[in-house]
Amino acid sequence: MDVNVPDARLMPDTLAPPAAFSGRGRRFAWTLLLLAVAFGAVPAAIVGTGSSYLAQIAITTMIFVILSASLNHVTGTAGLLSIGHAAFYGIGAYAAALLSTRLGLPFVVTLPAAGLIAALFGFLVALPTMRLVSIYFAVATLGIGEMIYVVLLNWVDVTRGPMGIRGIPPISLFGWQADTLLSRYLAVAVIAVACVWVLHRLTHSYYGNALRALREDDQCADSMGINVERLKIESFVVATFFAGIAGALLAHTSAYIAPDNFRFMESILILAMVVVGGLGSLPGAVVGALFMIVLPEALRDIGDYRMIAVGATMFLSILLLPKGMLAEGTALGFVRRSFSRGWATIAGGTPVGWK
Amino acid sequence: MVFDVFFLQQVINGLSIGCVYALMAIGFTLIFGVLNVVNFAHGEVYTIGAFVGLMVITALAPPLLAVVPLVLAVGAASGVGLERIAFRPFRRFTDEASQKSRAMREATLLSSLAVSIVTREIMMHIFGGDMQGIPSGYLLQQPVAIGPIMVASGSLVIFATSAVMLGALQFLLYRTQTGLGIRAVSNNQLGARYVGINTDRTIVTTFAVGSMLGATAGILVGLYDGAISPHMGFAPGVKAFVAMVMGGLSSIPGAVACALLLGVSESIATEFLSSGWKDLITYSLLVITLVFFPQGLFGHGRERA
């Protein structure tokens with residue numbers, strides 16, 4: 001191939017399509033649609049049917065959306081396979097539960113506190129384990145996840161062990177209490193949307209590009225002057241922070257938590273959501289969470305077979321859709337989008353930055 | 001003096017638990033060495049071994065020695081089936097880049113996880129989620145006195161079987177053509193293919209051998225503990241996995257040593273802590289090992305992945 005002829009796929013769009021059909025416009029429309037579903041259709045359905053079962057599923061889905069989006073940040077974007085994510089979810093849940101039942105702190109304090117405590121544990125875990133590569137890191141997170149579970153189960157004085165913690169107060173905000181189903185759902189949905197938005201801004205930025213560079217080849221990223229170790233720790237801390245937030249939401253919406261909510265299988269379920277949705281793609285993580293929560297509930301009629309269905313779905317999706325339902329674009333596509341201004345044609349008509 | 005005897009007894013119990021972990025860890029290590037991926041469904045092979053053993057015992061009531069070959073055969077069959085379902089479809093791309101790519105490895109890891117979930121749920125469906133008792137005639141719990149200490153006959157059987165199987169494995173790996181093939185593929189799959197080794201067949205053989213060891217461990221523990229359940233594979237599976245990682249991923253002697261170490265330290269830990277905390281010992285050992293010896297205790301600096 002002639003070196004001077006740039007590959008057509010790499011060329012910037014010299015003729016920009018009308019705004020409504022461009023990537024930005026389409027993304028805006030999708031966002032509006034999703035927000036309309038989250039804040040219009042689902043609350044309407046909850047009010048209309050008045051079914052607490054439906055509301056419970058909607059709340060669980062929103063919590064798992066946060067979890068899978070946060071795991072996607074560390075596993076999908078930064079490329080660190082973590083199989084102990086549920087443990088940090090558990091730390092957040094127990095932090096919120098203990099702070100509100102023992103110390104009587106309000107929700108406005110327990111929510112960020114749960115996130116920060118989980119992030120602190122994430123930092124402590126990340127500090128020594130970040131030297132590990134690939135499978136060693138995955139096993140370390142598995143071991144730490146199980147350690148946290150064992151502590152939650154056996155430290156009866158503090159966590160009440162297998163009995164769990166009851167009577168956690170509902171979400172409240174300066175005197176307003178989310179004690180109806182609808183208000184509980186709305187509170188969780190607002191927080192979930194905010195979390196996903198923050199993660200979106202983080203992933204689709206120069207910082208996110210650095211994380212992707214880390215995932216593709218950390219030695220190369222290191223040689224390009226990216227502080228690999230620090231980025232890995234930061235991405236892990238961010239992910240555990242959001243896992244802690246999700247845990248606090250679980251504690252305050254279900255009023256009862258027990259260590260079994262945070263076992264290894266839960267970590268696997270979250271990982272399955274990320275994989276089914278598409279590793280590295282934030283919309284994929286959201287869709288994967290919806291899919292993996294709603295599917296077993298939709299299959300409740302066939303009762304005991306639903307876990308088989310979950311496993312089979314996971315297997316088939318890896319086999320048939322190796323990149324997931326909403327695959328991440330190519331790494332080059334991300335770079336191109338991020339630097340598109342630099343690649344725009346100058347007046348003479350020659351593209352800048354790629355030759 | 002009483003303490004010493006008691007202590008020795010705990011060490012022997014720990015060694016027999018460690019032998020079970022070792023039998024499973026070898027399966028993990030063999031498969032990891034050959035394919036470079038972790039087989040998360042190994043715990044289910046162990047459970048299958050236990051349940052098939054129980055079914056044979058309740059249906060036919062054969063002598064104990066006749067159960068073992070059957071369990072071995074079923075273990076081999078389940079290993080071959082597992083390879084076919086969860087691993088073969090992901091080996092479509094055999095070039096070096098795909099074999100080293102992270103995405104391929106994670107896909108295979110997750111597919112084995114998915115297969116293990118499905119297998120476990122199907123077994124729960126067939127046998128129910130509760131513990132099932134083993135007929136008392138087959139239990140290996142008679143106390144045997146060796147000097148001042150009492151040992152359950154099950155411990156001795158587990159020692160003997162593990163020793164025989166490890167010996168057989170060493171013979172297979174270092175004295176036969178098949179073993180040479182396994183070692184070659186484990187060293188460099190592409191190179192082995194170039195010199196005319198049928199890598200597909202070698203991988204299937206490895207799965208069969210590893211799963212035979214796992215299934216045997218399952219029935220031994222079933223006979224020793226007296227009760228089995230579809231969930232029984234999880235804990236030893238994770239422990240064996242830990243032993244493999246501590247041993248350095250691809251070193252069989254390392255995996256065996258670490259499995260014994262884990263077994264002994266767990267059973268000693270139950271003396272000082274309540275039994276709920278004993279798992280903490282295993283995982284702390286894992287994390288401490290990984291932090292101070294990132295390649296495992298017996299690892300030899302595998303090529304960085």
> Consider B:VAL242 against the criteria (1) closer than 21 Å to B:THR216 by Cβ; (2) part of a helix (DSSP H, G or I); (3) more than 11 Å from chain A (Cβ to nearest Cβ): it satisfies all of them except one. Which criterion is unmet?
Replying inline: (3)
>> When the residues of the stretch B:1-58 are narrowed to those that are among the hydroxyl-bearing types (Ser, Thr, Tyr) and open to solvent by less than 40 Å² (accessible area, probe 1.4 Å), which ends up farthest from the other protein chains (Cβ to nearest Cβ)?
In response: B:SER16
> For A:SER235, all conditions in the list (1) at pLDDT 85 or above; (2) surrounded by fewer than 24 Cβ atoms within 10 Å (Cβ to Cβ); (3) among the small types (Gly, Ala, Ser) hold save one; what is the number of the exception?
Replying inline: (2)
> Looking only at residues in the stretch A:149-178 that are of a type in the set (Phe, Trp, Tyr) and within 14 Å of chain B (Cβ to nearest Cβ), which one is least open to solvent (accessible area, probe 1.4 Å)?
Replying inline: A:TYR149
> Which numbered condition trips up B:MET131, out of (1) more than 23 Å from B:PRO63 (Cα to Cα); (2) touching a helix residue (DSSP H, G or I) at 6+ places or on another chain (Cβ under 7 Å)?
Replying inline: (2)
> B:ARG105 is checked against (1) over 18 Å from B:GLY222 (Cα atoms); (2) surrounded by fewer than 15 Cβ atoms within 10 Å (Cβ to Cβ); (3) within 14 Å of chain A (Cβ to nearest Cβ); (4) at pLDDT below 75 and fails just one. What number does that condition carry?
Replying inline: (2)
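Hey, among B:ALA152, B:ALA145, B:ALA192, B:ALA184, which residue is open to solvent by less than 40 Å² (accessible area, probe 1.4 Å), of a type outside the set (D, E, K, R) and modelled with pLDDT under 85? Full working, then the answer.
Numbers: B:ALA145 fails: open to solvent by less than 40 Å² (accessible area, probe 1.4 Å); B:ALA192 fails: modelled with pLDDT under 85; B:ALA184 fails: modelled with pLDDT under 85.
Matching residue, one of B:ALA152, B:ALA145, B:ALA192, B:ALA184: B:ALA152.
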>> Among the residues in the stretch A:101-122, are any within 14 Å of another protein chain (Cβ to nearest Cβ) and more than 30 Å from A:LEU32 (Cβ to Cβ)?
In response: yes
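Residues are listed down the side, and each one gets a yes or a no for (1) within 23 Å of B:LEU23 (Cβ to Cβ); (2) more than 14 Å from every other protein chain (Cβ to nearest Cβ); (3) touching a His at 6+ places or on another chain (Cβ under 7 Å):
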site: B:GLU121; (1), (2), (3): no, no, no
site: B:GLY129; (1), (2), (3): no, no, no
site: B:ALA145; (1), (2), (3): no, yes, no
site: B:VAL151; (1), (2), (3): yes, yes, no
site: B:PHE159; (1), (2), (3): yes, yes, no
site: B:SER162; (1), (2), (3): yes, yes, no
site: B:GLY181; (1), (2), (3): yes, yes, no
site: B:VAL209; (1), (2), (3): yes, yes, no
> Tally time: how many residues in the stretch A:128-140 are open to solvent by 10 Å² or more (accessible area, probe 1.4 Å) and more than 7 Å from chain B (Cβ to nearest Cβ)?
Replying inline: 0
> Looking at (1) open to solvent by less than 40 Å² (accessible area, probe 1.4 Å); (2) without any contact (Cβ under 8 Å) to a residue 12 or more places away in the chain, which is the only condition A:VAL125 fails?
Replying inline: (2)
> What number goes with the only condition from (1) part of a helix (DSSP H, G or I); (2) among the aromatic types (Phe, Trp, Tyr); (3) open to solvent by 30 Å² or more (accessible area, probe 1.4 Å) that B:PHE298 does not pass?
Replying inline: (1)
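So, in the stretch B:122-156, how many residues would count as being closer than 30 Å to A:THR75 by Cβ and in contact (Cβ under 8 Å) with a residue 12 or more places away in the chain? Explain how you work it out, then say what you get.
So in the stretch B:122-156, the residues closer than 30 Å to A:THR75 by Cβ come out as B:122-124.
From what is left, the residues that are in contact (Cβ under 8 Å) with a residue 12 or more places away in the chain are B:123-124.
Residues flagged as closer than 30 Å to A:THR75 by Cβ and in contact (Cβ under 8 Å) with a residue 12 or more places away in the chain within the stretch B:122-156 amount to 2.
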> When only residues in the stretch B:273-294 that are more than 8 Å from chain A (Cβ to nearest Cβ) and not in a helix (DSSP H, G or I) count, which is farthest from the chain's Cα centre (by Cα)?
Replying inline: B:LEU273
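So that you can scan it fast, the table gives a plain yes or no per residue for (1) without any contact (Cβ under 8 Å) to a residue 60 or more places away in the chain; (2) under 29 Å from B:GLY191 (Cβ atoms); (3) of a type outside the set (Phe, Trp, Tyr):
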position: B:ASP4; (1), (2), (3): yes, no, yes
position: B:SER16; (1), (2), (3): no, no, yes
position: B:ALA22; (1), (2), (3): no, no, yes
position: B:THR29; (1), (2), (3): no, yes, yes
position: B:VAL37; (1), (2), (3): no, yes, yes
position: B:GLU44; (1), (2), (3): no, no, yes
position: B:PHE51; (1), (2), (3): no, no, no
> All but one of (1) modelled with pLDDT of 85 or more; (2) part of a helix (DSSP H, G or I); (3) open to solvent by 60 Å² or more (accessible area, probe 1.4 Å) hold for B:THR206; which doesn't?
Replying inline: (3)
> Pick from the stretch A:271-303 the residues that are within 12 Å of chain B (Cβ to nearest Cβ) and in a loop (DSSP other than H, G, I, E, B): which of them is surrounded by the most Cβ atoms within 10 Å (Cβ to Cβ)?
Replying inline: A:LEU279
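Does B:GLY167 satisfy being in a loop (DSSP other than H, G, I, E, B), open to solvent by less than 60 Å² (accessible area, probe 1.4 Å) and within 25 Å of B:TYR46 (Cα to Cα)?
Details: in a loop (DSSP other than H, G, I, E, B): no; open to solvent by less than 60 Å² (accessible area, probe 1.4 Å): yes; within 25 Å of B:TYR46 (Cα to Cα): yes.
In short, no.
The values are calculated or read from the model by the stated rules, or taken from the named source; none is laboratory data. Computed from a predicted structure; not experimentally measured. Note that each Cβ is placed from the backbone with ideal geometry, even for glycine, and that neighbours are counted across all protein chains shown. For accessibility, only protein heavy atoms count, side chains too; no ligands or nucleic acids. Shrake-Rupley method; radii C 1.70, N 1.55, O 1.52, S 1.80 Å.
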